[in-house]
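Read the structure below first, then the notes.
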Amino acid sequence: MVQADIPQLSGECNTWREALRHYKDEFTKDKSNLQKVASQPLSKDQLQQVEHLHNQFHIQLINIHDLKQAIKAHDRKLSLEVSAPGGQLNEDTLADHENLLEQYQSLKQTLQELQQEFNGFLSRT
């Protein structure tokens, strides 16, 4: 068993989920804006870029949802372990937390890159 600052870990989970909610809102708006752009006359290359971006938005929205759900489940597990007799986290739960942090950081990087790609596309059309 390991002693850990449970409120800090839970707070990190909430911060990650809030950031992912923000990205979800942004990408939902971007997807809508992309549909507006797609209704205009576009070259073949631009149409391919629209399709690529549309697919990426769809995939990343799924990734956001899945990671939010994993973080939510992990946060519940934190609470359950602390409220159980003994009230301590096990090593696996802390390892899961670190793994979720890595997943969050990786997804965040991917989302930022996609946002830049989309903004570049908008500036060229």
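FYI, it's all coordinate maths here, none of it is from the lab. The shown structure was predicted, so the numbers you read here are calculated from the model rather than taken from an experiment. A quick note on method: Cβ atoms are made from the backbone with ideal geometry, for glycine too, and the neighbour counts reach across all protein chains shown.
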Problem set entry | Residue count for region 31-49, restricted to those that are assigned to a helix (DSSP H, G or I) and in contact (Cβ under 8 Å) with a residue 60 or more places away in the chain | 5
Exercise. How many residues does region 80-118 contain that are part of a helix (DSSP H, G or I), surrounded by fewer than 17 Cβ atoms within 10 Å (Cβ to Cβ) and not hydroxyl-bearing (Ser, Thr, Tyr)?
Worked result: 18
Exercise. Just to be sure, is Glu12 touching a residue at least 12 places away in the same chain (Cβ under 8 Å), part of a helix (DSSP H, G or I) and either at positive phi or under 20 Å from the mean Cα position of the chain (by Cα) (or both)?
Worked result: yes
Seminar exercise, completed: Reported set for region 94-123 where residues are more than 15 Å from His52 (Cα to Cα) and touching a residue at least 40 places away in the same chain (Cβ under 8 Å) is Leu94, His97, Leu100, Leu101, Tyr104, Leu107, Lys108
